[in-house]
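J.: Mind having a look at this structure? Questions to follow.
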Amino acid sequence: MPKLILLAAAASQALDVSTLSPASPPAESIRFLFIVVTAAAAFILAIVWGVLFYSLLKFRRPRLLKDGLPTTEPPQVYGSLPIEVAWTVAPGLIVFLLTLVIVRTEFQVHVREQQQPESAKILNVTVIGHQWWWEYVIERDGQRKPGVVTANELHIPASTAEQPRPIYLNLRSADVCHSFWIPRLAGKTDLIPGRNKNEMWFATRETGLYVGQCAEYCGTQHAHMLLRVYVESEAEFQAWLANETKPAVDDPSVRNGKQIFLTESCVKCHTIRGTPAQGAFGPNLTHLAARETFAGCMIPLTRDNLRKWIRDPQEIKVGCLMPAFGLSEQKIDWITDYLMSLK
Amino acid sequence: MYVLMAIFFLVVAGCEALAIRWQLIKPGNDFLNPDTFNKFFTMHGTTMVFFMGMPILIGIANYVVPLQLGAHDMAFPRVNAFGFWTTLFGGCLAYFSFFVPGGPPAVGWFAYAPLTETTFSPKSGVDFWALGLLVSGVGTIAAGVNFVATILTMRCPGMTLTKLPFFCWTMLWTSLQILVAIPPLTAALIMVEFDRVLGAQFFNPQNGGSAYLWQHLFWFFGHPEVYILILPAFGMITEVVPVFSRKVLFGYEFMAAATMGIVFISMGVWAHHMFAAGMSRTLDMYFAAASLLVSIPTGIKFFNWLATMYGGRLWMASPMLFAVGFLAMFVLGGLTGIMLASAPFDLQVSDSYFVVGHFHWVLIGGTVFGVFAGIHYWFPKVTGRMLSERLAKWQFWLLLIGFILTFGPMHVSGLLGMPRRIFTYQADRPWQLWNQLSSLGAMIQAPSYLLFVINIGWSLRYGRPAGDDPWDAWTLEWATTSPPPSYNFSETPTVRSRRPLWDVKHPDDPDWKYE
Ligand code: HEM
Ligand SMILES: [Cu+2]
């Protein structure tokens, strides 16, 4: 069953997740470093393999003598100080040069806020890792207003030369260690419980969808702790943000579903802003229907998938921390209608 | 005994690995359920490191070291037996977890807190895992003490430390490293058990403990551990290469110093496993630079091996074949290691398949090839019979091809953004092809190990009798009969150079004149 859903979700062409097609400064610096160290490594490899294979061809004992011992021993060389010094110093130099490049990259990758140009409008996002989904608290343009809370799918504005929009992520964990990794945007940084100063940044120029996933083993469904970041034009982003800021849609035609949602145990874990549902254990559902995927970005958000999920989440995502509630099909229908109205 | 136990665990952990590879052959596969997959990779890693890797090295060394020293036995034969039984008992404890409710642990061999706390792993699998490692750690420490004592005090007359056979030299440093690295692990494991059983909160951030502390303690052990696994293999290669090149080892003193250098530097680089954990920039750069430094002594070793071969008469018998495989492959693992040590680059590839590719490259391309070189080299001494060269060659080529095919593509899938320890992946990710190649490689590799076991069985019965010194080698183990009598030497040998048997065979041109 999960297999079917997965395959249905598969786009015909693969999404780009490569570390080698960076779209943000930290990822670009890292690719540069990658090229430098790979070149250095290839150079050393060429030398070692060169000497090794040359010796194998040149000094291999002729087959005739395969089992016998050689008639004469080759000249014995016990060592040589100058040669030893040479091959200690030469790699030393390479290491030194590499270290310089590393230090430079290190500074490019971990930039602090005060180093950003004045004009930059920084977007601060607190990312909280949960088994096995992501929670985002978005502050509005650094004003530390009670932000927008959403789950799994993050929208951010694109950065342009005139208007740089670096995104700063503050990384926390609600349970075990996780790691936030979108290869095209930046290297990964861990979310470690009890450690609230981990942060990272990126700034993208190209709009589009960027995917990644949790990179630190975090238990049963680690593989399905996926990430989607939508990079949009400033206008699109503002529109999205404005919508997320609104309280939940209150559509009278789905009142039945709302009623059931609020009386079943859903409220213990989920929040829907503007209703009495204030649970914090599971993802915030205020604008669930505005998303493309759900359950840690694992499945496309369709009415059908949502129904299956509410009937039995374990069937879709074995071991996930949301139980099945044994609701009647009628109730499931109603809840689904309600959730689908939460645009 | 050690070696047989290690081979048994090799087969077990190998089967786990095959299951893992089979599961990943296509996206959304449901051959293993997530929990089973997580258990399998936990046990696979744990077993390969603790119940295969270390025991096989210690086992070979237990046999060879006293012979090379011209000693009658290890310094403490009973401690030796104790070490074996505790290691075996540890392995049994860890595997007993298959029979307890909840089954084996699903926390990874690195067992990051707080996943190991009762909140997230309520079942007893983690307890058996921790106890198993604890017990086998005691055995390993015992072995370490025994080696240090043996090598320092049981050398035959004339064998100064500067005339020590190289394998003994690496075992000496490996043992010292064991003595430094294992106790912190033992302490950390005890702390985990305190947390789990007695409600202590060392690693529980919800109650003031630190998840970060576990990572430091674990890697303070975990990093030196990889050198514990590779140094003895270095030692074996250093025995094999000169003999099969018919040349004395080039630059013994520098090789010895490099070994020492690797041990010292490697103690100070553990946090390069934690670049993504958000250390300070300064720490990142320190650990990156220190890790890069390790490449210098390792490079020295490489160049000296090559210089030893250069201008020799290379005899490509099976031990040398594996040694050359080691030289050709390990260098690549070392180079990806340098890449990983480049802290910012590590942010992209740590915990990705690139890392899986890298460390298997050093563990198989290094330790496993080294151990096979050693086993093929010393088998005639131990059993009095030669291994079949034909089977050995088949084994070698299957291993080489299978291994390259398994772990080469992993570097690619890692760079393409595939994280490790995932039981499945989305069909919309570009990883399927690379995973299929890896799985195919694993299927080619598996029969290679099987051939090895067959070769041992067959040769024990039908192998050509070896004679005392089939390779025309130079160290003392070849001076006694094959297999050696229970007291090793009928009369204690005396040595004057690093190649005592050369001196005996060439009385007109002895080695001690040149050293
Ligand atoms: C019938 C009542 C419930 C409904 C309709 C419901 C609905 C949902 C939906 C739509 C999601 C996907 C959210 C997303 O991807 O952002 C979800 C995820 C989740 N829910 Fe619920 N939920 C209910 C009850 C609960 C309860 C009682 C718990 C706590 C025990 C819970 C825990 C979770 C968790 C942990 C997830 C994340 C699962 C993952 O992706 O691994 N839910 N729920
Ligand atoms: Cu995670």
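J.: Once amide H atoms are placed 1.01 Å from N in the peptide plane, what residues at a sequence separation of 5 or more from A:LYS188, or on another chain, have their amide H within under 5 Å of its amide H?
T.: B:GLN348
J.: Stretch B:LEU179-B:PHE8 to full length: gain in nm at 0.36 nm per residue minus the Cα-Cα span?
T.: Net length gain for the segment: 58.9 nm.
J.: For region A:166-224 and region B:389-440, what is the separation of their Cα centres, given in Å?
T.: After rounding, the separation between the Cα centres reads 26 Å.
J.: Ignore the peptide's own chain and count Cβ atoms of other chains within 10 Å of each Cβ in B:33-39; give me the average, rounded.
T.: 4
J.: Turning to a different aspect of this structure: Counting only protein heavy atoms and a 1.4 Å probe, tell me what percentage of chain B's accessible area is made up of carbon and sulfur.
T.: 71
J.: What FRET efficiency would be calculated for the residue pair B:ILE454, A:ASP304, taking the C-beta separation as r and a Förster radius of 60 Å, to the nearest 0.05?
T.: 0.65
J.: Given H placed 1.01 Å from N in the peptide plane, which residues other than close sequence neighbours of A:VAL176 have an amide H under 5 Å from its amide H?
T.: HN-HN under 5 Å from A:VAL176: A:GLN131.
J.: Can I ask one more? Relative to the isolated chain, which residues of region B:403-419 have their accessible area cut by 30 Å² or more in the presence of all protein chains (1.4 Å probe, heavy atoms, no ligands or nucleic acids)?
T.: B:LEU415, B:LEU416, B:GLY417, B:PRO419
J.: Please report the antiparallel percentage of DSSP beta bridges with both residues in the protein assembly as shown, rounded to the nearest 5.
T.: Within the protein assembly as shown, antiparallel bridges account for around 70 percent of the total.
J.: Same structure, new question: Once the dipole of the protein assembly as shown is set up with Lys and Arg at +1 and Asp and Glu at -1 on Cβ about the Cα centre, which of A:ASN284, B:LEU332, A:SER21 lies farthest towards its positive end?
T.: It is B:LEU332, whose Cα lies furthest towards the positive end.
J.: Calculated from DSSP H runs of 4 or more alone, at -39500 (n - 2.57) each and per residue, what is the 222 nm mean residue ellipticity of the protein assembly as shown, nearest 500?
T.: Theoretical 222 nm ellipticity from helices: -17500 deg cm²/dmol.
J.: At 1.4 Å probe size, with no ligands or nucleic acids counted, give the accessible surface of B:TRP22 in Å², nearest ten.
T.: 110
J.: What shape does the protein assembly as shown have by the C-alpha gyration tensor, where a ≥ b ≥ c are the square roots of the eigenvalues, rounded means a/c under 1.5, and otherwise prolate means a/b greater than b/c and oblate the rest?
T.: Cα axes put the protein assembly as shown in the prolate bin.
J.: Under 10 Å, Cα contacts only: if you run a Gaussian network model on chain A, which one of A:GLY50, A:GLY319, A:GLY257 comes out with the highest mean-square fluctuation?
T.: Per the Cα network of chain A with a 10 Å cutoff, A:GLY50 tops the list.
J.: Sticking with this one: With the cut-off at 18 Å, tell me which of the pairs B:LYS247/B:LYS505; B:LYS247/B:LYS513; B:LYS301/B:LYS505 have Cα atoms farther apart than that.
T.: B:LYS301/B:LYS505
J.: Using a 1.4 angstrom probe, figure out how much accessible area chain A has per residue, in square angstrom, rounded to the nearest whole.
T.: That works out to 43 Å² per residue.
J.: Taking the Cα centre of region B:373-515 as the origin and placing charges on Cβ (Lys, Arg +1; Asp, Glu -1), which of B:ALA479, B:MET410, B:TRP458 is farthest toward the positive end of the dipole?
T.: The listed residue farthest towards the positive side: B:MET410.
J.: So if R0 is 35 Å, what FRET efficiency would A:ALA290 and B:GLN206 give, r being the distance between their Cβ atoms, rounded to the nearest 0.05?
T.: 0.60
J.: For chain B, with every protein chain kept in place, what is the accessible area per residue (1.4 Å probe, Å²)?
T.: 32
J.: Assign unit charges at the C-beta atoms only (+1 for Lys and Arg, -1 for Asp and Glu), then state the dipole size of chain B relative to its Cα centre in Debye, rounded to the nearest 20.
T.: 680
J.: In the full protein assembly as shown, how much of B:LEU152 is accessible to a 1.4 Å probe, in Å² to the nearest 10?
T.: Counting only protein heavy atoms, B:LEU152 exposes about 80 Å² to solvent.
J.: I've got another one for you. Could you tell me the accessible area of A:CYS269 in Å² (1.4 Å probe, neighbours in place), rounded to the nearest ten?
T.: 40
J.: Which one of B:ALA149, B:ILE190, B:ALA200 is farthest out on the positive end of the charge dipole of region B:69-207, using unit charges on Cβ (Lys, Arg +1; Asp, Glu -1) and the Cα centre as origin?
T.: Final value for the positive-end residue is B:ALA149.
J.: Here's another thing I want to ask about it. Given points 7 Å out from each Cα along the Cα-Cβ axis, report the B:HIS506 to B:PHE76 separation in nanometres with one decimal.
T.: Result: 4.1 nm between the two label points.
J.: Going by a ≥ b ≥ c, the root eigenvalues of the Cα gyration tensor, does region A:251-343 fall in the rounded group (a/c under 1.5), the prolate group (a/b larger than b/c) or the oblate group?
T.: Rounded, since a/c falls under 1.5.
J.: What nm value, rounded to one decimal, do you get for the distance between A:ARG104 and A:THR245 when each label is placed 7 Å out toward the C-beta?
T.: Each label point is offset 7 Å from its Cα along the Cβ direction, giving 4.2 nm.
J.: How big is the dipole moment of region A:196-343 about its Cα centre under a simple scheme where the beta carbon of each Lys and Arg is +1, that of each Asp and Glu is -1, and everything else is neutral? Debye, nearest 20, please.
T.: For this selection, approximately 320 debye.
J.: In addition: Averaged across the residues of B:114-122, what count of C-beta atoms belonging to other chains lies within 10 Å of each residue's C-beta?
T.: Mean number of neighbouring Cβ atoms from other chains: 3.
J.: Is there a simple number for the mean count of other chain Cβ atoms within 10 Å of the Cβ of residues in B:298-306, and what is it?
T.: Going residue by residue through B:298-306 and averaging, the value is 5.
J.: Something else: Taking 20 Å² as the minimum loss, tell me which residues in region B:202-216 lose that much accessible area going from the chain by itself to the full protein complex (1.4 Å probe).
T.: Buried on complex formation: B:PRO205, B:GLN206, B:ALA211, B:TYR212, B:GLN215.
J.: Still on this structure: Relative to the Cα centre, what is the charge dipole magnitude of the protein assembly as shown, using +1 at the beta carbon of each Lys and Arg, -1 at the beta carbon of each Asp and Glu, and rounding to the nearest 20 debye?
T.: 1000
J.: What are the residues whose amide H is under 5 Å from the amide H of A:TYR168, where those residues sit 5 or more places off or on another chain and H is modelled from the backbone?
T.: Amide H neighbours of A:TYR168, under 5 Å, 5+ apart: A:LEU123, A:ASN124, A:VAL125.
J.: Given a 1.4 angstrom probe, I'd like the percentage of the accessible area of chain A that is carbon and sulfur, rounded to a whole number.
T.: 61
J.: Efficiency by 1/(1 + (r/R0)^6): what FRET value for B:THR492 and B:THR118, r their Cβ-Cβ distance, R0 = 41 Å, to the nearest 0.05?
T.: 0.10
J.: Note the buried accessible area between A and B here, summed over both chains, with a 1.4 Å probe, in Å² to the nearest 100.
T.: In total, this chain pair buries about 8600 Å².
J.: Restricting to lysines 8 or more places apart or on different chains, can you count the pairs in chain A with Cα atoms under 13 Å from each other?
T.: 5
The values are calculated or read from the model by the stated rules, or taken from the named source; none is laboratory data. Quick caveat: nothing in here was measured; it's all calculated off a predicted structure. Positions of Cβ are backbone-derived with ideal geometry, glycine not excepted, and every protein chain shown enters the neighbour counts. Quick note on the areas: whole protein, heavy atoms, side chains included, nothing else; ligands and nucleic acids left out. Shrake-Rupley method; radii C 1.70, N 1.55, O 1.52, S 1.80 Å.
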